[in-house]
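Asker: Have a look at the structure that comes next, please.
Derivation of every value follows stated rules applied to the coordinates shown; laboratory data play no part. Since the model is a prediction, treat every value here as computed from it, not as a measurement. Here the Cβ is made from the backbone with ideal geometry for all residues, glycine too, and neighbour counts use every protein chain on show.
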Amino acid sequence: MKKLLLLLLFIPLFSFGQTFDYSYSDGQNFELAEFRFWKPSSNNDYKGVLVIVPGFNWDGRKAVLDSVWQSFATKHNFLIAACHFKDYEVSKGKPKYREVSKGSGEVLLTAIKSYSTTVSKKYINDLPLLFFGMSAGGQYNYEFACWKPEKVLSFVVNKGGYYQTGIAPIKTHKVPGIFFIGEDDKYYRNDMIQGIYSVNRNLGANWTLIIEKNTKHSIKNSKILSIAFFESILPQRLSNTNSLLDINRGSSLLGVPEKKIIRSLKELGETDYLTIWLPNEYFGNIWLESL
């Protein structure tokens with residue numbers, strides 16, 4: 001963990017590139033949906049779209065200027081789409097924007113399509129999506145992965161407390177996800193995330209769980225840990241044509257937090273302990289350090 005933190009401290013600042021804004025209002029489950037896209041000026045052969053969704057009703061569009069995300073996007077030939085969703089007032093009785101299938105998911109796809117037309121690169125509309133989020137943003141990410149798993153390269157659930165889908169579709173189990181719990185966060189958030197993770201992991205989901213120590217409801221180290229997770233996933237998920245590959249479950253590693261060990265599926269065999277899916281040995285060691 002310390003080595004990972006030190007490496008990210010020395011990432012250079014990026015300010016080049018172009019930004020494009022799109023705004024939509026009065027959707028079925030959102031009052032406002034705004035998106036800001038950023039593309040590295042030196043890139044044309046894009047591999048995917050990094051979608052950043054902030055906490056409840058927050059305007060996260062400034063995240064396109066985050067030097068860490070710009071560095072990641074430039075290194076891996078990704079576009080960035082940073083979001084701002086706003087719910088209707090409770091009195092209007094509208095569904096929440098976290099309920100992705102009711103409009104807020106489609107408007108993201110609409111924005112990506114509009115952007116691809118704006119920059120005259122229609123193939124962007126078909127690129128896989130890589131989701132990072134915090135709180136309500138993590139809720140959105142998870143529900144999107146349940147709604148359109150074929151579009152999602154990987155996703156982050158990050159200390160959010162409300163989810164519509166308990167048992168995810170089988171196709172979503174194949175999408176690598178990383179779940180974060182803040183050790184000192186509200187009990188209902190932690191219980192909800194732990195429950196969703198456990199039941200779906202028991203069904204074979206390719207998901208990782210990290211409990212951040214001495215952490216309340218904050219991003220803490222989840223961004224840098226997510227980047228390490230994403231970089232472990234990318235070579236296994238992206239084909240030469242940018243289509244998504246299923247990860248060979250037989251070659252993955254499993255962590256057992258109760259015993260603080262990592263084993264292959266073959267070595268571990270059947271167990272009654274909660275297991276943590278790990279994409280490779282590199283990230284497995286990071287996970288061990290987090291315990």
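Asker: Please give me the summed charge of the neighbours of F229: other residues whose Cβ is under 12 Å from its Cβ, Lys and Arg +1, Asp and Glu -1.
Answerer: Residues near F229 contribute +1 overall.
Asker: Oh, and also: Which of Y197, H173, T208 sits closest to the plus end of the dipole of segment 164-208, meaning its Cα is farthest towards the positive end, when Lys and Arg get +1 and Asp and Glu get -1 on the C-beta?
Answerer: H173
Asker: Under the definition of Cα pairs under 8 Å and six or more residues apart, what whole-number percent is the relative contact order of the chain?
Answerer: Values: 606 pairs, mean separation 39.9, N = 291.
Reported relative contact order: 14 percent.
Asker: Quick check: net charge around I247, other residues with Cβ under 11 Å of its Cβ, Lys/Arg +1 and Asp/Glu -1?
Answerer: Surrounding charge for I247 is +2.
Asker: Using the Kirkwood formula on the Cα atoms of segment 101-190, what hydrodynamic radius do you get, in angstrom to one decimal? Working shown, then result.
Answerer: On the way: mean 1/r = 0.0717 Å⁻¹.
Here the Kirkwood hydrodynamic radius works out to 13.9 Å.
Asker: For Y162 and K92, compute 0.36 nm times the residue count separating them, minus their Cα-Cα distance, and round to one decimal in nm.
Answerer: 23.3 nm
Asker: Which loop GluC sites (Glu not before Pro) in segment 115-214, with loop taken from DSSP, have no more than 12 other Cβ atoms within 10 angstrom of their Cβ?
Answerer: Taking segment 115-214 and a limit of 12 other Cβ atoms within 10 Å, the loop GluC sites (Glu not before Pro) found are E183.
Asker: Let me ask you something else. To the nearest 10 degrees, how steep is helix 222-237 against the longest Cα principal axis of the chain, on a 0 to 90 scale?
Answerer: Taking Cα atoms only, the helix is inclined about 90 degrees.
Asker: Where does the charge balance sit around T74 when Lys and Arg score +1, Asp and Glu -1, over other residues with C-beta under 15 Å from its C-beta?
Answerer: Within the 15 Å Cβ shell, the charges total 0.
Asker: Which loop-located trypsin sites (Lys or Arg not before Pro) does segment 236-266 contain, where loop means any DSSP state but H, G, I, E or B and the Cβ has at most 11 other Cβ atoms within 10 Å? Each step should come with its number before you reach the end.
Answerer: Numbers: sites: R237, R249, K259, K260, R263, K266; in loops: K259, K260.
Answer in residue order: K259, K260.
Asker: Tilt of helix 281-290 relative to the longest C-alpha principal axis of the chain, in degrees (0 to 90, nearest 10)?
Answerer: So the inclination is approximately 80 degrees.
Asker: Points 7 angstrom from Cα along the Cβ direction at S218 and K260: gap in nanometres?
Answerer: For the pair S218/K260, the computed spacing is 2.5 nm.
Asker: Once both axes come from the Cα atoms, what is the angle between helix 104-118 and the longest principal axis of the chain, in degrees from 0 to 90, rounded to 10?
Answerer: Between the helix axis and the principal axis of the chain, the angle is about 60 degrees.
Asker: Under unit Cβ charges (Lys, Arg +1; Asp, Glu -1), what dipole magnitude, rounded to 20 debye, does the chain have relative to its Cα centre?
Answerer: Magnitude of the dipole: close to 300 debye.
Asker: Which value results for Rg/Rh of segment 239-291 when Rg is the Cα radius of gyration and Rh the Kirkwood radius based on the inverse mean 1/r?
Answerer: So for segment 239-291, dividing Rg by the Kirkwood Rh gives 1.06.
Asker: Let me ask something additional. Cα atoms only: what Rg and Dmax, in Å, come out for segment 17-247?
Answerer: My reading of the Cα-based Rg and Dmax gives 16.5, 49 Å.
Asker: How do M134, M192 line up, fewest other C-beta atoms within 10 Å first?
Answerer: M192, M134
Asker: For segment 54-164, state the semi-axes of the equivalent ellipsoid (square roots of 5 times the eigenvalues of the alpha-carbon gyration tensor), sorted largest first and rounded to whole angstrom.
Answerer: Taking √(5λ) for each eigenvalue gives 23, 16, 14 Å, largest first.
Asker: For segment 17-247, give me the percentage of DSSP beta bridges that are antiparallel, rounded to the nearest 5 percent. All intermediate terms of the calculation are to be shown ahead of the outcome.
Answerer: Numbers: 17 of 39 bridges.
Here the share of antiparallel DSSP bridges comes out near 45 percent.
Asker: Based on the Kirkwood radius over alpha-carbon pairs, what value in µm²/s does the Stokes-Einstein equation return for the translational diffusion coefficient of segment 168-291 at 4 °C and 1.567 mPa s? Kindly include the intermediate steps, with their values, before the conclusion.
Answerer: On the way: Rh = 15.0 Å.
Estimated via Stokes-Einstein, D reaches 86 µm²/s.
Asker: Given the C-alpha centroids of segment 226-287 and segment 27-72, what is the distance between them in whole angstrom?
Answerer: 27 Å
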